[in-house]
Amino acid sequence: MPQPANNPIDPDAIGSGSEAGLQRARTVLRWVIVAALAVGIAAFYVLSAAAEELTGKVVRVADGDTITVLDRGNTQHKIRLMGIDAPEKGQAFGNKSRESLAAMVAGRNVVVEWHKRDRYGRLVGQVFADRHDAGLVQIERGMAWHYKQYAREQQPSDAQGYAHAEVEAKAARRGLWADPKAMPPWEWRRTKAAN
């Protein structure tokens, strides 16, 4: 069957060992490899650049998953800890969750690796205090839920670690898990909005 004229590789020429056909096939293969490498390198830089870093001092702890960080330029940034949802202020364990986070980060320098802003304009990211992931610690202490609805925005290893920490905290009945009927904050907010 004849090949279209614009086909860069003529299978009949390759099969017969034609020097021109082999040369063309090598050239096409080189370009395919170069293109694949370029795409791979570009993807690496896009993924690496996806997380921005903010360093500063925690000047306010609003609740168990929201803080305010003052950067070196004296600009305040509201931060929503990625991957967790802590009890609300009017909810059972709301104050204890805030106190737990405050004990960990209040007045301390932290590093925030953030990826986006939420609908309220807060930076959403991981907060590290003394190289400890504050969100993970909140879950381990039973002071927050792993916010599985947004797990796809986490690195897979972080999502797995958060999920595992929640299972362990629940099994040990730590913090909010002491209440067998603990209501997740997203359900609590929905109930409050309906009333």
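The values are calculated or read from the model by the stated rules, or taken from the named source; none is laboratory data. No experiment lies behind these values; they were computed from the predicted model shown. So basically every Cβ, Gly included, is an ideal-geometry build from the backbone, and we count neighbours across all protein chains shown.
Quick look at the values:
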item: Identity of the residue in the stretch 125-162, of a type in the set (A, V, I, L, M) and touching a Lys or Arg at 6+ places or on another chain (Cβ under 7 Å), that ends up surrounded by the fewest Cβ atoms within 10 Å (Cβ to Cβ); result: 129
item: Residues of the stretch 78-123 classified as buried (at least 16 other Cβ atoms within 10 Å of the Cβ), of a type in the set (Phe, Trp, Tyr) and farther than 13 Å from residue 54 by Cα, total; result: 1
item: Any hit, the stretch 143-150, residues being farther than 14 Å from residue 65 by Cα and among the hydrophobic types (A, V, I, L, M, F, W, C); result: no
item: Every pair of residues 6+ apart whose Cβ atoms lie under 8 Å, when the first sits in the stretch 175-195 and is in the same structural domain as residue 139 (by TED's automatic domain parsing) and among the small types (Gly, Ala, Ser) while the second is outside any helix (DSSP H, G or I) and surrounded by 15 or more Cβ atoms within 10 Å (Cβ to Cβ); result: 175/93; 175/141; 175/142; 175/143; 178/142; 182/92; 182/93
item: Single unsatisfied condition, residue 182 versus (1) modelled with pLDDT of 95 or more; (2) surrounded by 14 or more Cβ atoms within 10 Å (Cβ to Cβ); result: (1)
item: Scan of the stretch 64-77 for residues that are surrounded by fewer than 23 Cβ atoms within 10 Å (Cβ to Cβ) and farther than 19 Å from residue 150 by Cα, ordered by number; result: 68, 70, 71, 72, 73, 74, 75, 76, 77
